[in-house]
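Single-structure report; data block below.
The values are calculated or read from the model by the stated rules, or taken from the named source; none is laboratory data. From a predicted model like this one, the values you see are computed outputs, not experimental measurements. FYI the Cβ positions are ideal-geometry reconstructions off the backbone, even for glycines, and counts take in every protein chain you see.
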Amino acid sequence: MFIDRPSPTDPSSTPTDIDIYLQARERGRLSLKTGTDIGNVEGSAYGNLQWRNIFGGAESLSVNASKGTRTRSSIQAIFDTPLFSDPDKRLTIDALSSSTHKPWASHEEVLKGGSMKYSWATKSGTRHQVSYNGAWRQITQLAAGASPTVRNEAGDSFKSSINHTWTSDRRDNALLPSRGYLLKTISEIAGWGPLQGDVAFWKSEIESAAAVPLPFRGVSWTTGLRAGMLYPLGMGFSSRAPEKSRINDRFFLGGPTDIRGFNIGGLGPRDGNDSVGGDVYAAFSSNLLFPLPRTGADSPLRFQVFANGGRLLALKEKGVYSTIAGLADGLPSLAAGVGVVYAHPVARFELNFSLPLVVRVGEDKRKGLQFGVGISFL
């Protein structure tokens, strides 16, 4: 499931900064660089113009443009400044225009919008971010074999929402932890009360991860758990019945950075060949990591044995509690395998051999080699 920090190109993808610099020399407060990004299930070429210390208070303005394997085009402008001379309190304003190909659902999504974010850190080390987001979304460029569900979703929608993210990260290394834990919650309310727009829902996710060193040099065990729920609301101040969620806002599960052994969007509700997303999900993983022969215990290269699984469901007419209970109805979709992990300073690379063990009818499994790159893995 794409829970990572939203990228300039797609909320379900998280690019990293693996740069092949063509021009990176600073000229005063201005810098220009071009290169490549490698993110979750995507690679792209980009250009970045940055203006630092604009007013002498550590403000910055960045303009990013990119084209990628999945993101047809993206341009984003970001203004960031500390508040009250405190680097732990920051205000960020950004504007974005992008077009992203989503072959697992036979369409392309065009996005134009912006956000205002306030971030701060507490004395205990946890971090908060509150933001307002407004975005016009368009489902377009449907494939010839697009399902009726995707065709019915085609067209425009406008989302107006408020988000809150809370993070407590006590891991010794975010990409290849050997000890510590992560707790993270993401909450979003859209279209309710004065927010308006034409979609209304409450959406919550929780993520947890833990790493424990074992009594063998360089060997560690990691585990992760994620869960989320999307609950439709009445629009604005209306008391009318909530409308069904849209494909733009639902959860998707499966792929090399969450449920290995399945393709992107491979789990959950489908219409024909299209993954159409779900409203309630739970996913887990368990990984045992060993240093490779002739590498030290501190080497970023590891051999892993893993098992992971999950369920993704559409909201039932009987209600959210009935849907949540359905997560425990039978075994989850499961896969296990072995692979090699490399933790580069800015991204984690995995090459795994996966074997699906429990697959439901219609799910898009992937047996064999699977390559993943990203900054957040289940």
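Just to be sure, is A347 buried (at least 17 other Cβ atoms within 10 Å of the Cβ), touching a strand residue (DSSP E or B) at 6+ places or on another chain (Cβ under 6 Å) and over 17 Å from S376 (Cβ atoms)? Outline the logic, then answer.
Details: buried (at least 17 other Cβ atoms within 10 Å of the Cβ): yes; touching a strand residue (DSSP E or B) at 6+ places or on another chain (Cβ under 6 Å): yes; over 17 Å from S376 (Cβ atoms): no.
Considered against the rule, which asks whether it is buried (at least 17 other Cβ atoms within 10 Å of the Cβ), touching a strand residue (DSSP E or B) at 6+ places or on another chain (Cβ under 6 Å) and over 17 Å from S376 (Cβ atoms), A347 comes out as no.
Looking across the range 322-361, the residues that are part of a loop (DSSP other than H, G, I, E, B) and closer than 17 Å to Y281 by Cα come down to L327, A328, D329, G330, L331, P332, V359, R360.
One residue alone among E350, E363 is within 24 Å of the chain's Cα centre (by Cα), under 25 Å from P291 (Cα atoms) and acidic (D, E), and that residue is E350.
Kindly evaluate S275 against the criterion of being touching a residue at least 12 places away in the same chain (Cβ under 8 Å), under 30 Å from G193 (Cβ atoms) and among the hydroxyl-bearing types (S, T, Y). No, not satisfied. Please determine whether any residue of the range 313-322 is among the β-branched types (V, I, T) and more than 22 Å from Q370 (Cβ to Cβ). Yes - at least one qualifying residue is present in the range 313-322. If you check D258, D249 for being part of a loop (DSSP other than H, G, I, E, B), of a type in the set (D, E, K, R) and closer than 20 Å to G339 by Cα, only one passes: D258. Within the range 263-286, being within 30 Å of L214 (Cα to Cα) and either among the acidic types (D, E) or buried (at least 22 other Cβ atoms within 10 Å of the Cβ) (or both) holds for one residue alone: A283.
Tell me which residues, restricted to the range 182-218, are in a strand (DSSP E or B), within 26 Å of V341 (Cβ to Cβ) and of a type in the set (G, A, S). Walk me through how you get there before you give the answer.
Taking the range 182-218 and keeping what is in a strand (DSSP E or B), we get 182-190, 192, 201-213.
Narrowing further to those that are within 26 Å of V341 (Cβ to Cβ): 182-184, 186, 205-213.
Of everything in the range 182-218, those that are in a strand (DSSP E or B), within 26 Å of V341 (Cβ to Cβ) and of a type in the set (G, A, S) turn out to be S208, A209, A210, A211.
For the range 95-112, the criterion of being surrounded by 15 or more Cβ atoms within 10 Å (Cβ to Cβ), at pLDDT below 85, under 29 Å from E188 (Cα atoms) and in contact with a strand residue (DSSP E or B) (Cβ under 6 Å, 6 or more places away or on another chain) is satisfied by no residue at all. Screening L142, L175 for residues that are crowded, with 16+ Cβ neighbours inside 10 Å, under 21 Å from the mean Cα position of the chain (by Cα) and not in a strand (DSSP E or B) leaves exactly one candidate, L175.
For S73, the test of being polar (S, T, N, Q), in contact with a strand residue (DSSP E or B) (Cβ under 7 Å, 6 or more places away or on another chain), modelled with pLDDT under 90 and part of a strand (DSSP E or B) is passed.
From the list G125, G134, the lone residue that is of a type in the set (G, A, S) and farther than 19 Å from A95 by Cα is G125. Contact annotation: residue pairs with Cβ atoms under 6 Å, 6 or more positions apart or on different chains, pairing a residue in the range 59-71 that is free of Cβ contacts under 8 Å to residues at least 60 places away in the same chain with a partner that is assigned to a loop (DSSP other than H, G, I, E, B), are N64/P8. Residues that are touching an Asp or Glu at 6+ places or on another chain (Cβ under 9 Å) and farther than 18 Å from L175 by Cβ within the range 282-310 comprise A283, G310, listed in sequence order.
Does Q23 satisfy the criteria of being modelled with pLDDT under 80, more than 30 Å from T185 (Cα to Cα) and of a type outside the set (D, E, K, R)?
On the way: modelled with pLDDT under 80: yes; more than 30 Å from T185 (Cα to Cα): yes; of a type outside the set (D, E, K, R): yes.
So Q23 passes the test.
A residue that is surrounded by 19 or more Cβ atoms within 10 Å (Cβ to Cβ), of a type in the set (A, V, I, L, M, F, W, C) and modelled with pLDDT of 95 or more occurs nowhere in the range 356-370. When K117 is tested against (1) crowded, with 19+ Cβ neighbours inside 10 Å; (2) over 30 Å from V219 (Cβ atoms); (3) not hydrophobic (A, V, I, L, M, F, W, C), exactly one condition is not met: (1). Out of K117, K67, report the one residue that is outside any loop (DSSP other than H, G, I, E, B) and either among the aliphatic types (A, V, I, L, M) or at pLDDT below 95 (or both). Exactly one of K117, K67 is outside any loop (DSSP other than H, G, I, E, B) and either among the aliphatic types (A, V, I, L, M) or at pLDDT below 95 (or both), namely K67.
Which of the residues belonging to the range 297-350 are in contact with a helix residue (DSSP H, G or I) (Cβ under 9 Å, 6 or more places away or on another chain), modelled with pLDDT of 90 or more and of a type in the set (K, R)? Quick ask: steps written out before the conclusion?
In the first step, residues of the range 297-350 are kept if they are in contact with a helix residue (DSSP H, G or I) (Cβ under 9 Å, 6 or more places away or on another chain); the result is 311, 313-316.
After this cut, where a residue has to be modelled with pLDDT of 90 or more as well, the list is 311, 313-315.
Result: R311, single match.
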